[in-house]
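To keep things clear, I will list the structure first and then write my remarks on it.
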Amino acid sequence: MLSSRQRLDVLTWLNYLEVHLGREAIDEGRRRAVVHETPAEHWLRYESGYLAGYAMVTGRSEPSLEMAGGGFDPDLLARVLQHHPQVDWWTRGPQARDGGHDLRTLQFLCVGLPVAVEPVPAGATLRTFDATRDEDAWLAQNNAAFADHPEQGAWHLSDLDERAREPWFDPSGFLVLEMDGELVASCWTKVHELYQERFGEIYVISVHPRFQGRRLGRVMVTQGLAVLRQRGVSTVGLFVDESNLSARALYQSLGFTLVREDHLTRFRR
């Protein structure tokens, strides 16, 4: 657990890095863990009394680490491996990661707006998310779509509610699609307001497996991009697993291009 002083130091360090990098300094979930003081393992490096480095480890059975800024530090790795027999380390962009085994690669793709909008299919209804009636249906749809996904496939109501309380949350940017009274697809968007290059993000995009193959992914992505354009956004990004060939093909067909690759690398003692 961070002390009050340490927590302030970490948040100040993250804000400094984000201004310097022009992007998030650490995964959104890890930042929330600092803000809301949820359990995590914190590694802080001070120089001359000032914080000069920070990393967080989460998870017990398969600990995962990210260093603020997305870098790699072999000295920190050696220290962490004294406490854990193995650790999975996220690096953002090209980094030297000698001695590990890559588990996943996430691609960060971007596109400039406008993008042609795919119309809503006849008989379907596109509307914004309503927490008073959609929470359970959306969780069921999302978890079915991401059943095999390591982060996205086992959300609980608390996960949804926590994000809905964040300052950036705007229900007008959270689209759901109904067919025959069933919530079958969704596109949750986000605007990164605090960066100099204000940009949008396709935060969560999913189609229930029973309704895949009907171009609903294209419908939801392009409808989400249209909402972001209405909010004055000119550039939109998203993350996709390198192994998800069908999603990558969809995004490429819409004009998304590769900006960065992030790697999850496993290290053992």
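Worth a mention:
- Dipole magnitude (debye, nearest 20) for segment 110-261, charges at Cβ of Lys, Arg, Asp, Glu: 620 debye
- Summarised in one figure, the compactness ratio Rg/Rh of segment 1-96, Cα atoms and Kirkwood Rh, is 0.93.
- Per-peptide average of other Cβ atoms within 10 Å, ordering 141-154, 177-190 highest first: 177-190, 141-154
- Positive-pole candidate from M220, Q252, T58, dipole of the chain, charges at beta carbon: Q252
- Length-normalised contact order of the chain in % [C-alpha pairs under 8 Å, at least 6 apart]: 25 percent
- Overall form of segment 110-261 per C-alpha gyration tensor (a/c, 1.5; a/b vs b/c): rounded
- Sequence-separation-based contact order of segment 4-98, relative, with Cα cut under 8 Å and 6+ spacing, percent: 22 percent
- Reference-scaled alpha-carbon Rg (2.2 N^0.38 Å with N residues) for segment 119-178: 1.20
- Options G29, I202, G100, ranked by Cα towards positive dipole end of the chain, top entry (Cβ charges): G100
- When peptides 193-200, 236-243 are ranked by their average number of other Cβ atoms within 10 Å per residue, the highest-first order is 236-243, 193-200.
- About its Cα centre, the dipole of the chain is roughly 360 debye, where the only charges are +1 on Lys and Arg Cβ and -1 on Asp and Glu Cβ.
- The charge dipole of segment 222-269, taken about the Cα centre with unit charges on the Cβ atoms of Lys, Arg (+1) and Asp, Glu (-1), comes to about 200 debye, rounded to the nearest 20.
- One equal scatterer on each Cα of the chain, no solvent, Debye formula: the resulting log10 I(q)/I(0) at q = 0.08, 0.16 Å⁻¹ is -0.35, -1.35.
- Using C-alpha pairs under 8 Å with a sequence gap of at least 6, the mean separation divided by the residue count of segment 110-261 gives a relative contact order of 31 percent.
- Here the spin labels are modelled as points 7 Å beyond Cα on the Cα-Cβ line, and at V35 and D159 they lie 1.8 nm apart.
Just so you know, all these numbers are worked out from the coordinates, no wet-lab data involved. Please read all numbers here as calculations on a predicted model, not as lab measurements. Cβ: placed from backbone, ideal geometry, glycine included. Neighbour counts: every protein chain shown.
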